[in-house]
1. Once fully extended, how much extra length lies between ASN160 and ASP29, figured as 0.36 nm per residue of separation less the alpha-carbon to alpha-carbon distance?
2. Taking the Cα centre of the stretch 206-515 as origin, sum charge times position over the Cβ atoms of Lys and Arg (+1) and Asp and Glu (-1), and report the length of that vector in debye to the nearest 20.
3. Using only protein heavy atoms and a 1.4 Å probe, report how much of VAL186 is accessible, in Å² to the nearest 10.
4. Sort ASP312, ASP134 by accessible area with a 1.4 Å probe, largest first.
5. Kindly flag which residue pairs out of LYS205/LYS341; LYS205/LYS275; LYS21/LYS391; LYS233/LYS275; LYS275/LYS508; LYS189/LYS521 have an alpha-carbon separation exceeding 22 Å in this structure.
6. Nothing charged except the Cβ atoms of Lys and Arg (+1) and of Asp and Glu (-1): what's the magnitude of the dipole of the stretch 275-346 about its Cα centre? Round to the nearest 20 debye.
7. For the chain, what proportion of DSSP beta bridges, expressed in % and rounded to the nearest 5, is antiparallel?
8. Quick check: with the 1.4 Å probe, what order do PHE198, PHE303 take by accessible area, largest first?
Amino acid sequence: GCVLVVSVIEQLAQWHNSTVKAAMEKLCDYIPGKCQIIHHMSYCIDKEMNADVVCHSLRLCKQDPGQPLCHLYSPPKREKHSAGLFYPLPHAGPKHQIRSKSFLGFSSVCAFPLLANLCEKIKYVLRNKLPFEDFDGDKFSTFPTLRGYHWRGRDCDDKNTTVYPGRRPDNWDAKGDSNCNGIWGVDPKDGIPYEEKFCKGADSKGVVLLGDSAGAHFHIPPEWMTVTQMSAKSFANLPMAFSDELDWPQFSEITGFLNSTIGGWTDSLYLRLRKRNRCNHRDLQNISQNVYFPINIAPCLSFSLARNQLLDNPAIVIYATIGNDVCNGERDTLAHMTTPKEMLSNVVQALRYLDSHLPNGSHVILTGLVDGRFLWDNLHDRYHPLGQLNKDVTYSQLYSFLDCLQVSPCSGWLTPNETLRNLTSERALQLSNVLKEIARSEKFANFDVFYMDFPLRQTAEEWRKMGGEPWQLIEPVDGFHPSQIAAALGTGITWQKALHEWPQVLGKENPFNDQIEAIFKDQGGH
């Protein structure tokens with residue numbers, strides 16, 4: 001974190017040909033709220049010292065005994081001195097030693113005043129994967145972030161626990177909108193409730209994603225650290241982004257519903273289901289989490305899934321942990337990967353829980369793991385946003401820095417070690433085969449199970465035909481997650497596969513869609 005902030009400040013000073021103090025003030029003008037902590041850094045930053053040196057002088061970065069020295073930038077050139085990276089520190093002057101003491105213990109983004117009041121709320125939603133503001137306790141909210149309606153369909157009455165997206169209509173919603181799809185009341189011409197007239201027998205169903213950070217759509221805006229693009233407008237979405245855990249599920253491949261503001265365009269399974277049957281409006285849940293280690297989804301489901309087996313519509317559940325089971329930041333990464341036996345146990349446990357909670361007629365799609373060799377192959381020698389100004393930080397350097405700190409999102413793929421990359425992909429394929437076998441052999445009472453490969457190869461081919469480059473399918477800041485373009489293209493590929501191979505999953509097209517839109521266009525918006 002320190003290296004990132006100091007890099008941006010030094011590059012702002014360089015780009016605007018200003019002092020470090022002036023650059024600091026400019027950055028603080030950009031960021032909403034107060035940033036006194038960053039102000040103190042101006043006394044410690046010397047443009048002659050790179051960000052690694054500054055952060056070690058502040059004691060925000062340190063080298064543990066017996067551990068390698070982690071650095072993002074090439075060490076300063078000091079041929080006559082063997083001290084390497086730390087030669088400049090004794091020469092940093094009293095201002096660095098005095099000021100550094102005030103930074104001891106600064107180890108969390110929660111120290112920033114802007115973010116401090118969000119931290120307790122964020123900790124709650126990280127633990128529970130449930131909306132922070134949910135007055136009736138039905139797991140749906142009228143508030144967008146903090147696991148609110150960016151993640152789940154928007155509640156239309158947060159004081160009534162029997163009113164929420166996805167339920168079967170109460171008495172055909174003659175008197176109120178019990179399922180929040182915007183369709184309610186009685187047609188004065190014939191006295192038939194609109195919900196009965198338009199949605200009865202329409203095979204309505206919702207979509208639920210059980211996923212990882214890719215499914216949650218993790219994204220750090222590159223303009224936050226690209227000084228040539230930086231302005232006050234760049235940081236306008238900072239509080240919202242942190243309230244959503246740096247995820248953007250409202251634009252994601254499975255549950256996206258808003259027009260993208262982070263590049264590309266939004267196309268999602270939910271939007272296509274809604275277009276196919278307008279009665280599906282708002283019936284979505286994104287139960288994904290940002291973790292970089294193997295996860296067992298079953299325990300999370302017990303308090304996060306909102307589906308009543310007796311009262312609600314069936315659902316299409318997408319099980320897509322496309323990297324977590326092989327990705328971790330451990331030095332001995334192979335030893336910490338999920339084994340095929342563990343994968344079988346974890347997934348079957350989750351499916352049994354779903355079978356006891358999903359309404360009959362639901363469907364589950366198991367998505368295979370990605371082949372992450374695509375990341376190194378297409379990014380390692382390109383410049384990261386932090387390195388574009390001075391051509392001094394490649395993705396290879398970033399990956400090595402994160403790996404050294406043992407916070408790499410995927411040590412097995414984000415590495416120059418080709419053998420390790422191949423072994424990681426080999427394990428990913430083994431785990432995908434486990435999912436494939438589960439879909440073939442396991443049977444459940446309330447849903448059928450399907451398998452599909454993660455469509456990376458088809459997505460890259462589709463993007464190439466559109467004139468794009470493979471690296472544009474990867475998030476530029478973390479160099480790891482699928483980008484907005486990749487998410488949108490992946491939706492189309494998944495939809496076509498389902499349409500041709502499993503048409504029963506998608507349900508039939510509702511012939512009354514146009515009439516529904518004409519009558520309820522002002523009531524059903526997100």
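1. Details: separation 131, 0.36 × 131 = 47.16 nm, distance 4.29 nm.
Taking ASN160 through ASP29 to full extension adds about 42.9 nm, to one decimal.
2. Details: 24 positive and 33 negative charges, 140 e Å.
The calculation lands at about 680 debye.
3. Approximately 60 Å² of VAL186 is accessible to the 1.4 Å probe.
4. The ordering from most to least exposed comes out as ASP134, ASP312.
5. Details: LYS205/LYS341 33 Å; LYS205/LYS275 12 Å; LYS21/LYS391 24 Å; LYS233/LYS275 33 Å; LYS275/LYS508 11 Å; LYS189/LYS521 19 Å.
The pairs that break the limit, which is 22 Å between Cα atoms, are LYS205/LYS341; LYS21/LYS391; LYS233/LYS275.
6. 480 debye
7. Working: 6 of 27 bridges.
In the chain, approximately 20 percent of DSSP beta bridges are antiparallel ones.
8. Largest accessible area first, the residues go PHE303, PHE198.
The values are calculated or read from the model by the stated rules, or taken from the named source; none is laboratory data. Nothing here was measured: the structure is a model prediction, and the numbers come from that model. Neighbour counts run over all protein chains shown; Cβ positions are idealised from the backbone, glycine included. Only protein heavy atoms, including side chains, enter the accessible area calculation; ligands, DNA and RNA are left aside. Shrake-Rupley method; radii C 1.70, N 1.55, O 1.52, S 1.80 Å.
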